[in-house]
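First comes the structure, then the notes that go with it.
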Number of protein chains: 2
Amino acid sequence: MTQYQIGLLIYPDVTQLDVTAPLQVFSMLHNTNIHLLWKTLEPIKDMGGFIITPTTTFDTCPQLDVICVPGGGMGQVDMMHDTQVLYFLKERAQTAKYITSVCTGSLILAAAGLLQGYKAACHWAFRENLGLMGVEVSTERVVIDKNRITGGGVTAGLDFALVVAAKLCGENTAKFIQLLLEYNPAPPFNAGSPEGAGEELVVMVKKSGSELIAASLEASKEAAQYN
Amino acid sequence: MTQYQIGLLIYPDVTQLDVTAPLQVFSMLHNTNIHLLWKTLEPIKDMGGFIITPTTTFDTCPQLDVICVPGGGMGQVDMMHDTQVLYFLKERAQTAKYITSVCTGSLILAAAGLLQGYKAACHWAFRENLGLMGVEVSTERVVIDKNRITGGGVTAGLDFALVVAAKLCGENTAKFIQLLLEYNPAPPFNAGSPEGAGEELVVMVKKSGSELIAASLEASKEAAQYN
């Protein structure tokens, strides 16, 4: 049986659920080795202060079948400027079977030049930024374009990971995991999309994230110049 | 503004998404202190080997407004027998505003005598076990019975946490978080419930978890005798 190497990038100020939701799905595949990748093995903290411990450094990372880049807070913008991270992603992408992201992780992939000419998803509040870098922005929750698989905002990581699981191990395995995780969602409100939530909440969320959205926009404009 | 103390129990062999999904929602509430609770501050490993670092020990834990107990693998059964854990839950429950669980965490709450006479949810494959302990088992995804709020299997933790967020901080705040997390789920398959997945997959999941289900059944029978 093929043993798949799956690498999830982590970094300071990442959004933990962008990582932990796919991780939960991937860790239920029998034939995978999962790597939480960072520059060192020192634990990092997510946006909310949750401690995540890397398992593998960039230097010791084996060849990857799947690369997954999660989104985050200001740390996500830092990653768009981090040449060590961008180089690592570019280099590993050359041999990866699937190059993937969740949420604003697609902005990092695009900053590494890995999504230009592809269709991709992003958190709804950051779609404009992705478009600036020459990526065809989609509003779909999970977007497959050749070997690029990208998910929308945060919780899309679950839908995304089941799609990746099906690609790697077949639909029946993905369904098995979906049943095991009882993924039969029933959100108590209809506020999970800008359309469902309505203008007032959209403005509130954009306002609360205005600093991050602006910083990410600047980074996207810069990245557009060299990609 | 009220500052809520939210404590999530963690333990070796916990299912990380049972913890990290609610944690993601709770960490987006402004007026909360969140505690990842265990006996010591030594990191533990979840079912899939993911390292989770406790933030607060039982001894140093402040009075809690919300207690949340997640499910897990064999570690979940261990917790049903762990007098230190059961005592901690019982003792803290006396002053908590909400006593809650995700997935098979309800079996631990029941083993602590905290769900008898209440209606509660559990992972679908473990509902019988919960019923044995004098709990009224519900097939709903999130169950509210007075100050007990319980979620179904693993991913129900998201729906559950939004319900708790609404209880603590109002519906508008919960909707704000739902939009921020773009929780507009679109599972690629209809296999998230036993009904949707069909008999063949149900048998496969039960078979793969047969040892755990049996051990948990034994623990439930024992707990039924002293609760």
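The values are calculated or read from the model by the stated rules, or taken from the named source; none is laboratory data. Given the structure is predicted, the values throughout are model-derived calculations rather than measurements. Here the Cβ is made from the backbone with ideal geometry for all residues, glycine too, and neighbour counts use every protein chain on show. To get the accessible areas, we keep the full protein, side chains included, count just its heavy atoms, and leave off ligands, DNA and RNA. Shrake-Rupley method; radii C 1.70, N 1.55, O 1.52, S 1.80 Å.
Can you tell me which residues in the stretch B:194-213 are open to solvent by less than 50 Å² (accessible area, probe 1.4 Å), closer than 15 Å to residue B:74 by Cα and either facing another protein chain (nearest Cβ under 10 Å) or free of Cβ contacts under 8 Å to residues at least 12 places away in the same chain (or both)? Can you show your working first?
Of all residues in the stretch B:194-213, those open to solvent by less than 50 Å² (accessible area, probe 1.4 Å) come to B:194, B:196-198, B:201-202, B:205, B:209, B:212-213.
Restricting the remaining residues to those that are closer than 15 Å to residue B:74 by Cα gives B:209, B:212-213.
Selection gives B:209 alone.
Out of the stretch A:93-130, which residues are among the hydroxyl-bearing types (Ser, Thr, Tyr) and open to solvent by 10 Å² or more (accessible area, probe 1.4 Å)?
Step one: of the stretch A:93-130, the residues among the hydroxyl-bearing types (Ser, Thr, Tyr) are A:95, A:98, A:100-101, A:104, A:106, A:118.
A:95, A:98, A:118, listed by residue number.
Against the conditions (1) open to solvent by less than 30 Å² (accessible area, probe 1.4 Å); (2) in a strand (DSSP E or B), where does residue A:18 fall short? Just the number, please.
Every condition holds for residue A:18 apart from (2).
Check B:32, B:53, B:60 and return the single one that is more than 14 Å from chain A (Cβ to nearest Cβ) and surrounded by fewer than 22 Cβ atoms within 10 Å (Cβ to Cβ). Don't jump to the end; show me each part of the working.
On the way: B:32 fails: more than 14 Å from chain A (Cβ to nearest Cβ); B:53 fails: more than 14 Å from chain A (Cβ to nearest Cβ).
Answer to the check: B:60.
Just checking, how many residues over the stretch A:59-118 are over 16 Å from residue A:135 (Cβ atoms) and not aliphatic (A, V, I, L, M)?
Number of matching residues: 24.
Identify, please: which residue in the stretch B:40-50 is open to solvent by 50 Å² or more (accessible area, probe 1.4 Å) and over 18 Å from the mean Cα position of the chain (by Cα) and is, among those, farthest from the other protein chains (Cβ to nearest Cβ)?
That would be B:40.
In the set A:115, A:107, which member is in contact with a helix residue (DSSP H, G or I) (Cβ under 7 Å, 6 or more places away or on another chain) and over 26 Å from residue A:208 (Cβ atoms)? Before the answer, list the steps.
On the way: A:107 fails: over 26 Å from residue A:208 (Cβ atoms).
Exactly one residue qualifies, and that residue is A:115.
Residues to consider are B:145, B:78, B:59; find the one that is touching a residue at least 12 places away in the same chain (Cβ under 8 Å) and farther than 24 Å from residue B:215 by Cα. Don't jump to the end; show me each part of the working.
Numbers: B:78 fails: farther than 24 Å from residue B:215 by Cα; B:59 fails: touching a residue at least 12 places away in the same chain (Cβ under 8 Å).
Within the list B:145, B:78, B:59, the selection yields B:145.
Of all residues in the stretch B:159-191, how many are of a type outside the set (D, E, K, R), under 29 Å from residue B:136 (Cβ atoms) and open to solvent by 10 Å² or more (accessible area, probe 1.4 Å)?
Taking the stretch B:159-191 and keeping what is of a type outside the set (D, E, K, R), we get B:160-166, B:168-170, B:172-174, B:176-181, B:183-191.
Next cut, under 29 Å from residue B:136 (Cβ atoms) only: B:160-166, B:168-170, B:174, B:178, B:183, B:185, B:187, B:190-191.
So of that shortlist, the ones also open to solvent by 10 Å² or more (accessible area, probe 1.4 Å) come out as B:163, B:166, B:168-170, B:185, B:187, B:190.
Selection size over the stretch B:159-191: 8.
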